[in-house]
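This report refers to the structure that appears directly beneath it.
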Amino acid sequence: MKHFIAIFVVLFLFQVSVLASPSMEQKRVMDGDSVSISLLTCAPGTQVYSLYGHTAIRYTDYKNNIDVAINYGLFSFKKSFFVLRFIFGLTDYEMGIMPFNAFYEEYMSEGRSVEQQELNLTAAEKKAIVAAINTNYLPENRVYRYNYFYDNCTTRARDILVSHINGKVCYSASDCLYPSFRQLIHSFNEDSPWARFGNDLLLGVKADCKTTFSDYQFLPYNLYKSFSNAKVLDAQGHERALVQRQFEVVGGTAPQSEPGFPLRPQTCAWLLLAVIVLLTGIEWLLKSNFWLLDTFLLLVVGAAGLVLLAMLFSEHPTTSTNLQILLLNPLALAFIWSVTSKMMKQMEDRFWLYAVLFIMLFIVGGMFQTYAEGMYIVVLSLLVRCVRRLIPLKYK
């Protein structure tokens, strides 16, 4: 009985002490610093633009009952020529501020988790960041020219936070070499092969260059990992962790991708090769002239080449030199009429010899650039038709 009474008294005193202890939020108000600033890292979604996740900033003022999410990734598909503007690097994104409750509900409804990293900042640093955000939110400042690798919603959030810290932010292992931009995005789009194919088709040689540590942080989860182990070294030599605490603020399960085209690009390339070899074999056996097949291939190659040619003039810095244009060459459209005319008349044409030369250059270019999935198989298909045109047949 005495033991029971003793245990009861201990539990009672413990409960009283817990109830009497102020929460972290209450303690902030008591200490005169009621502001909390955090980095929010959102899990990838199913849409193409959300495959790589998202970054935002959370600003909370417990004393004044303010809790908002600052977002640098607002855009609208309804704007005129959105796709063309995006391709040419002329897309404008906008900074937006919304109640955190609305932000929470949006990601909860999509099943996308959100990690929060509350930053370990001084009152002066918080004040400077808030002032910078307010300036950034002025109508004349909130719109910016978006660049996927160098100036996006993640780099904007990072810069406005880090540049207003009174000291140097030191990251762990910042002297290491990091993968290329292409390798970094490949780690997120494995389950979206056609999105990956589109990216790899449009990205050029520069996307295969090694990134710097700052470049590496353009992806939300890379910045999240960088912040987790970062330290702040102030002018007096004092060191503190950049992140005070981190936790999952929005729970979620991995969103289920909507079923897309069932075949991968490489499978389609193999099917194309099979069809080309089969038709070429039939053509050879029948001593026929399938000129319409080659005309169709020239049309497709030339049309794809026009897209790659347009990307050379894009403001995206990683699309300016794309060696895949050696294979998908817009010049095919310029010669399509004369080449087709000669094929119909069963005449030889040096065009096919030049086509083989460009194919060889394309293969050599693979030493410097990672091509889109299945492109080497497409090469075989086109090479089969080039060889067929270079070897004359005795027609019936």
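Bear in mind these aren't lab numbers, they're just calculated from the coordinates by the rules spelled out. Keep in mind that this is a model prediction, so the values were computed, not measured. Every residue, glycine among them, receives a Cβ derived from its backbone with ideal geometry; neighbour counts consider all protein chains shown.
Given 37 °C and 0.692 mPa s, compute D for the stretch 233-391 with the Stokes-Einstein relation, Rh being the Kirkwood radius over Cα pairs; round to the nearest whole µm²/s. Using the Kirkwood radius from Cα pairs, D works out to 171 µm²/s. For the stretch 352-396, the alpha carbon convex hull comes to 59 Å³ per residue, rounded to a whole number. Model label points for residue 240 and residue 347, set 7 angstrom from Cα along the Cα-to-Cβ axis, are 8.2 nm apart. I need the calculated FRET efficiency for the pair residue 363 and residue 261, taking r as the beta carbon distance and R₀ as 35 Å, to the nearest 0.05. That pair, residue 363 with residue 261, gives E of 0.80. Once the Cβ-Cβ distance of residue 391 and residue 208 is raised to the sixth power relative to R0 = 41 Å, the FRET efficiency obtained is 0.70. If the chain linking residue 354 and residue 229 were pulled fully straight, counting 0.36 nm for each residue of separation and taking away their Cα-Cα distance, it would gain 39.5 nm. The HN-Hα couplings worked out from phi for the stretch 195-206 by the Karplus form 6.51 cos²θ - 1.76 cosθ + 1.60 (θ = phi - 60°) are 5, 5, 4, x, 4, 5, 6, 8, 7, x, 4, 5 Hz, whole numbers, x standing for Gly and Pro.
What is the ratio of the Cα radius of gyration of the stretch 104-244 to 2.2 N^0.38 Å, with N the residue count, to two decimals?
That works out to 1.20 for the stretch 104-244.
Over the stretch 116-166, the ratio between the Cα radius of gyration and 2.2 N^0.38 Å evaluates to 1.22.
Subtracting the Cα-Cα distance of residue 321 and residue 187 from their residue separation scaled by 0.36 nm leaves 45.9 nm. For the stretch 217-345, a crude dipole built from +1 on the beta carbon of Lys and Arg and -1 on the beta carbon of Asp and Glu, taken about the Cα centre, is about 220 debye to the nearest 20. Working ranking of peptides 40-49, 205-214 by packing, defined as the average number of other Cβ atoms within 10 Å per residue, highest first, is 40-49, 205-214. Taking only the Cα atoms of the stretch 324-389, the radius of gyration and Dmax are 12.7, 40 Å. Across the stretch 115-217, C-alpha contacts under 8 Å between residues 6 or more apart give a mean separation that, scaled by the residue count, equals a relative contact order of 29 percent. Running Debye on the stretch 255-322 with equal point scatterers at the Cα sites and no solvent, what base-10 log of I(q)/I(0) appears at q = 0.16 Å⁻¹? Calculated log10 I(q)/I(0) at the listed q: -0.84.
The convex hull around the C-alpha trace of the stretch 283-375, projected and averaged over every direction, spans 7.0 square nanometres.
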